[in-house]
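The values are calculated or read from the model by the stated rules, or taken from the named source; none is laboratory data. Quick caveat, the model's predicted, so the values are computed rather than measured. Note that we place each Cβ from the backbone using ideal geometry, even for glycine, and neighbour counts take in every protein chain shown. SASA here: full protein model, heavy atoms, side chains in, ligands and nucleic acids out. Shrake-Rupley method; radii C 1.70, N 1.55, O 1.52, S 1.80 Å.
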Amino acid sequence: MSLESLLTQHIKTAVKELYSIEATDAQIQLQKTRPEFEGNITLVVFPFVKAARKAPAQVANEIGEQLLASADSPVAKYNAVQGFLNLVINDAFWIKQLEAIDAEENYGKQPDRNQLMMVEYSSPNTNKPLHLGHVRNNLLGWSIAQIQEANGWKVVKTNIVNDRGIHICKSMLAWLKFGNGETPESSGKKGDHLIGDYYVRFDKEYRKQVAEMVANGMDEETAKREAPLMKEAQAMLLKWEQGDKEVRDLWTKMNSWVYAGFDETYKRMGVAFDKIYYESNTYLEGKSEVEKGLAAGQFYRREDGSVWADLTKDGLDEKLLLRSDGTSVYMTQDIGTAKLRFQDYPIDKMVYVVGNEQEYHFKVLSILLDRLGFPFGKELVHFSYGMVELPNGKMKSREGTVVDADDLMDKMVEDAREISKDKVNTLQGITEVEANEIARKVGLGALKYFILKVDPRKNMLFNPEESIDFNGNTGPFIQYTYARIQSVLRKATEEKLQITNDNLQIAPKELSLIQRLCDYPAIVRQAGDDFSPAVICNYAYALACDFNSFYHDLSILNEPDASKRALRLLLAKNVAKVIRSAMELLGIEVPERM
């Protein structure tokens with residue numbers, strides 16, 4: 001039983017005996033004691049003052065005395081400051097709490113709530129490889145899914161692949177014109193990288209055409225619209241939607257190259273999906289729903305044949321749903337995808353992990369789904385996160401100025417290998433394979449922690465040099481703390497973790513660690529409520545700091561008192577258990593040795 005629950009029971013009994021008050025849970029306000037006062041937890045007594053008809057300080061003292069006298073009360077002593085009762089909890093209670101934590105295999109996990117949450121993340125385009133922006137998206141999506149599972153949700157992790165549209169046709173057209181039959185096998189490139197190169201090539205050649213047309217007297221906007229490459233790409237898109245066999249065969253071949261590349265990157269990043277949807281399958285469902293809405297008068301058709309939704313009554317503007325040539329837009333696809341998902345799964349909550357530049361898009365999607373009669377329309381959750389920026393500005397895929405996800409992971413692992421070389425070389429009997437595995441875990445752990453520790457709703461500046469540091473608020477610091485504990489526990493394999501002294505006194509730094517461990521379930525709940533992996537990061541860092549302070553000041557293996565030694569080993573064991581659990585929620589592996 002938690003401290004708050006136990007105290008609540010005793011306080012209810014105390015105020016009933018003292019003042020004949022049937023206290024409710026809402027009246028019993030408990031909070032952490034302020035650092036300038038002695039105590040572990042504080043009761044606010046003002047809710048009982050009126051019924052007691054006494055001064056707040058007197059009520060606090062009377063309740064304190066009653067708690068001291070109560071059988072099985074965890075209160076060792078108290079002090080009253082006006083209407084605040086500061087309670088000091090006895091050491092026996094904290095030792096029981098530590099033993100209870102040790103006995104609970106899935107400590108921190110919440111009971112099954114029998115509800116299903118779908119979390120969508122990644123959403124790549126098949127015209128380019130994954131980049132740093134996708135890294136943040138994937139890491140947030142995976143971690144949010146893990147955190148919600150820890151909070152009792154059944155979670156379905158899903159991805160919508162944007163595998164059709166004008167951007168896909170640009171890569172296809174550039175490959176046809178300039179590729180000379182190049183393949184991933186002939187070039188030695190991952191398929192997603194190969195296709196991304198042709199997306200950049202299209203933009204380069206298109207800019208040349210626009211510049212030539214402007215030099216010949218055409219205004220820039222007209223030149224962008226009338227450039228031959230753009231016209232060809234648009235014609236290819238129309239052929240694709242009409243089912244042209246030659247275009248569809250090329251599309252299938254090039255997409256297969258990209259998917260193989262994506263799978264490799266996802267596996268290395270440590271993320272996966274339970275269900276993948278493809279825009280090429282869902283957009284037709286969306287078009288069908290738009291046409292139904294058009295027939296029902298929910299939407300209207302303009303003179304050029306395009307279909308629009310008028311959202312001015314909702315405080316927004318007008319939204320294009322079908323172009324004049326009948327081709328669909330992202331909104332059309334998202335309507336169809338939402339419909340299919342709710343047909344496939346009994347979803348209680350749908351969460352879209354998408355950057356904050358799409359906030360308007362999801363406001364519109366929610367309104368349109370509701371207007372089309374889907375009961376889940378208003379319940380969609382857009383988890384809006386900030387962008388990742390570089391020291392030299394924003395990334396641009398068309399210009400090739402992106403931080404590639406594969407290159408980034410390579411660099412992080414290599415940096416970890418160089419920085420940790422001296423530490424790893426001191427480990428006895430470690431093989432090169434094991435050293436490489438440690439470097440992989442540390443490098444990717446540094447990347448993931450650096451990205452996830454930032455409040456997800458804020459923009460962030462990515463600086464890889466800051467992330468790989470064995471000191472400070474970094475993944476490697478927490479991983480190293482875990483490995484340090486494992487080293488201690490390996491040396492203590494013969495020790496029995498049994499505390500035989502019933503009157504064992506707990507040192508302040510031992511108490512601080514136990515209290516921090518007791519906070520973990522509430523931290524998991526908070527991270528779930530806030531959809532914030534940063535909450536887990538902050539907790540894991542604080543726990544690691546507390547342990548290192550404890551480790552610096554108090555001997556573990558060389559402590560002569562057997563019960564104290566057992567307590568400290570039990571503490572170390574459970575700090576490691578909780579660090580591992582917290583890092584798993586972030587998708588971070590922890591090495592047994594570093």
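P(r) for region 19-90: what percent of alpha-carbon pairs falls in each 10 Å bin, starting at zero?
Reading upward from the zero bin: 21, 55, 23, 0.
For a protection proxy built on the mean count of beta-carbon atoms within 10 angstrom, sort 287-299, 305-317, 195-207 highest first, please.
195-207, 287-299, 305-317
Highest mean first, what order results for 123-131, 249-257, 16-24 on Cβ atoms within 10 Å?
123-131, 249-257, 16-24
Output wanted: per-residue J couplings in Hz (rounded whole) for region 24-41, from phi through Karplus 6.51 cos²θ - 1.76 cosθ + 1.60, θ = phi - 60°, x for Gly and Pro.
9, 4, 5, 6, 8, 9, 10, 8, 5, 5, 5, x, 7, 10, 6, x, 9, 8
Keeping all protein chains in the complex and leaving out DNA, RNA and ligands, what accessible area do you get for residue 545 with a 1.4 Å probe, in Å² to the nearest 10?
Surface open to solvent at residue 545 totals about 50 Å².
Taking every pair of alpha-carbon atoms in the chain, give the share separated by more than 41 Å as a whole percent. Provide the component values of the computation, followed by the final result.
Numbers: 71841 of 176121 pairs.
That fraction is 41 percent.
What is the sum of charges, Lys and Arg at +1 and Asp and Glu at -1, for the other residues whose Cβ falls under 14 Å from the Cβ of residue 21?
Neighbour charge sum, excluding residue 21 itself: +1.
Which value at 222 nm does the chain reach when only helices count, each DSSP H run of 4 or more adding -39,500 (n - 2.57), with the total divided by all residues and rounded to the nearest 500 deg cm²/dmol?
Values: 23 runs with 332 residues, N = 594.
The helix-only estimate for the chain comes to -18000 deg cm²/dmol at 222 nm.
How would you rank 215-224, 181-190, highest first, on the average number of other Cβ atoms within 10 Å across their residues?
181-190, 215-224
Could you tell me which of 108, 191, 179 has its Cα farthest along the dipole of region 108-224 towards the positive end, charges placed at Cβ (Lys, Arg +1; Asp, Glu -1), taken about the Cα centre?
Of the listed residues, the answer is 108.
Any chance you could give the angle, 0 to 90 degrees and rounded to 10, that helix 475-491 forms with the longest Cα principal axis of the chain?
It works out to around 50 degrees.
Which distance in Å, rounded to a whole number, links the C-alpha centroids of region 544-594 and region 223-246?
62 Å
Rolling a 1.4 angstrom probe over the protein chains, ignoring ligands and nucleic acids, what is the accessible area of residue 357 in square angstrom, nearest 10?
About 110 Å², ignoring ligands and nucleic acids.
Normalised by the number of residues in the chain, what is the relative contact order in percent for Cα pairs under 8 Å and 6+ residues apart?
Computed value for the chain: 14 percent relative contact order.
Once Lys and Arg get +1 and Asp and Glu get -1 on their Cβ, which of 294, 387, 124 lies farthest toward the positive end of the dipole of the chain?
Highest projection toward the positive end goes to 294.
Say the dipole of the chain comes from +1 at the beta carbon of Lys and Arg and -1 at that of Asp and Glu; which of 471, 69, 141 then lies farthest toward its positive end?
Value: 69.
With charges only on Cβ, +1 for K and R and -1 for D and E, what is the dipole size of the chain about its Cα centre, in debye, rounded to 20?
The calculation lands at about 360 debye.
Counting just the Cα atoms, what span does region 261-339 cover along each of its three principal axes? Round to the nearest Å and put the largest first.
49, 27, 20
Got a sec? What order do 28, 419 fall in by accessible area at 1.4 Å, biggest, i.e. largest, first?
Heavy-atom accessible area, descending, gives 419, 28.
Multiply the residue separation of residue 281 and residue 466 by 0.36 nm, subtract the distance between their alpha-carbon atoms, and state the gained length in nm to one decimal.
Answer, rounded to one decimal: 62.3 nm.
Applying the Karplus parametrisation 6.51 cos²θ - 1.76 cosθ + 1.60 with θ = phi - 60° to the phi angles of region 12-23, what ³J(HN,Hα) value in whole Hz is obtained for each residue in order, glycine and proline being reported as x?
After applying 6.51 cos²θ - 1.76 cosθ + 1.60, I find 4, 5, 5, 6, 5, 5, 7, 10, 6, 9, 8, 6 Hz.
Hey, what do the phi angles of region 197-203 turn into as Karplus ³J(HN,Hα) couplings, whole Hz, using 6.51/-1.76/1.60 and θ = phi - 60°, x for Gly and Pro?
Once θ is set to phi - 60°, the couplings for region 197-203 become 4, 6, 5, 5, 4, 4, 4 Hz.
Just by accessible area at a 1.4 angstrom probe, what is the order of 550, 342 from largest to smallest?
Numbers: 550 0, 342 50 Å².
I get 342, 550, largest accessible area first.
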